[in-house]
Amino acid sequence: MKKTSRMAKSKRITITIVLLCLFVMAVLIVCHTNPLANPKEEFVKKVIACALILIGSVAFVALYDKIITLPIELYQNRRLIFKLAKNDFKTRYAGSYMGMVWAFVQPVVTIVLYYFVFEVVFTSRAQLVSGGIETPYVLWLTAGLVPWFFFSEALNNGTNALLEYNYLVKKVVFKISILPIIKIIAASFIHCFFVCFMLVMYFIYGNPVDLYLLQIIYYSICMFVFVLALCYSTCAIVVFFRDLSQIINIVLQVGMWATPILWNINTFQGSIQMVFKLNPIYYIVNGYRSALFEKTWFWQDFYSTMYFWIVTIAIFGIGALIFKKLKVHFADVL
C-alpha cells in the first residue's frame, strides 16, 4: 500500500514538473519577438509551436505510464550502460591487428581527401557564412561532417542493437531497453575524438579560443538525444522488418546531400530554404558552424531551438511507445 502511494505521489510530481516546463516553454514562445522577422510568419510559428506543446501535454498525461518507463530504466541502469558501452567499443575491433584505430581511419581519410581536393586542387575555394565571415571550405566542411559521422554511425548501430545482442534479448531478467543507448555511447567515444580533431584544425587556421566553442558540447548532446529518440523506434521495427537496415543506409546517403553539409543553405531562398531547415539535423550542423565561425549563442536562434526540442521529445515519446508495445514479442522473433 505504501509503495503504491509513493508511486502515485511520484507520478503526480513528475507530471506537474513536466507540464510546468511545457507551460514555461509556451510562455517563452508567445512572449518572444523578433523585430527583423515577418509578423505573419512569426505568428504562424507561435500558433504551431503552442499547438504542438498542447498536444504533447495531453499525450504525456494520457500515456504517462507507457512513456516514463523507458527513461526510468535508463537512469536506474546508468552504471551498467556505461560499462557495457566501453566493452562494446573495445570488442568491436578485437580481432584485427590495428584494433580501435580502424574506428578513426575512414572518417579521417574522408576529411583528408576533401582537404586535398578543396585546399590543394581548388586553392581559392572558401565559404561565406553569416555576417560576411569567410572561412576555409575544408574547415567549414569538417564542422558539418563531424556531427554527421556521429549521427550515421549511431543510427546504424543503434538500429541493429537488438539484432546484435539477441542473446541478451532472450534473457528474461535483462533490461533490453538499455541496448540502443549502449551503441550510441560507444559511437560518442569516436565522436569525442573527431571533435578534438576538428578543434585542432580550427586552431591551426589561426582561430582563437572563446566561450562560444563550449556550445559544441550542447549540440553534441542534442545529437545524442535525437538519435537515441530515433533508435527506439528503428531498433524495435527492424526486429520484424529486417529490410529497414538497408532502407536506413539509403536514407543516410540521400540525407547527407539533403542536409547542408557539402553545400551552403544560403544558396536557396524563401520556402525552399525553409523546407531544408525542417530537417532537425540542420539545426545541429548549423549549430556546430555557428559556435566555430559565426559566434552566436544557441538561444539567439530561438524558434529553431524550440522546434528541434519539440520534434525530438515527440519522436522520443513515439519511440518509447513503439518499443514498449513490441518488446514482448522480441524474444519470439529473435
Query raised in the report: helices (runs of 4 or more DSSP H) wholly in region 234-292 with at least 2 residues that are β-branched (Val, Ile, Thr) and at pLDDT below 85 - which ones?
Result: 270-277
Query raised in the report: Which residues, counting only those in region 86-142, are modelled with pLDDT of 65 or more, part of a helix (DSSP H, G or I) and among the hydroxyl-bearing types (Ser, Thr, Tyr)?
Result: THR91, THR110, TYR114, TYR115, TYR137, THR142
Query raised in the report: Within the group ILE81, ILE53, ILE29, ILE15, which residue is assigned by TED's automatic domain parsing to the domain that holds LEU326 and in contact with a helix residue (DSSP H, G or I) (Cβ under 7 Å, 6 or more places away or on another chain)?
Result: ILE81
Query raised in the report: Looking at ALA236, is it surrounded by 15 or more Cβ atoms within 10 Å (Cβ to Cβ), within 30 Å of SER57 (Cα to Cα) and either small (Gly, Ala, Ser) or free of Cβ contacts under 8 Å to residues at least 40 places away in the same chain (or both)?
Result: yes
Requested in this report: Could you tell me which residue of region 289-327 is nearest to ILE176 (Cα to Cα), considering only residues that are within 18 Å of the chain's Cα centre (by Cα) and among the hydroxyl-bearing types (Ser, Thr, Tyr)?
Outcome: THR312
Query raised in the report: Given the structure, is ALA51 modelled with pLDDT of 80 or more, of a type in the set (Gly, Ala, Ser) and part of a helix (DSSP H, G or I)?
Result: yes
Report task. Identify all residues within region 293-329 that are part of a helix (DSSP H, G or I), touching a residue at least 12 places away in the same chain (Cβ under 8 Å) and either β-branched (Val, Ile, Thr) or not assigned by TED's automatic domain parsing to the domain that holds LEU155 (or both); write none if there are none. Result -> THR305, ILE310, VAL311, THR312, ILE313, ILE315, ILE318, ILE322
Query raised in the report: Among the candidates LEU155, LEU163, which residue alone is buried (at least 21 other Cβ atoms within 10 Å of the Cβ) and modelled with pLDDT of 80 or more?
Result: LEU155
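The values are calculated or read from the model by the stated rules, or taken from the named source; none is laboratory data. It should be emphasised that the depicted structure is a prediction, and the values quoted were computed from it without experimental measurement. All Cβ positions, even for glycine, are placed from backbone atoms using ideal geometry, and neighbour counts span all protein chains on display.
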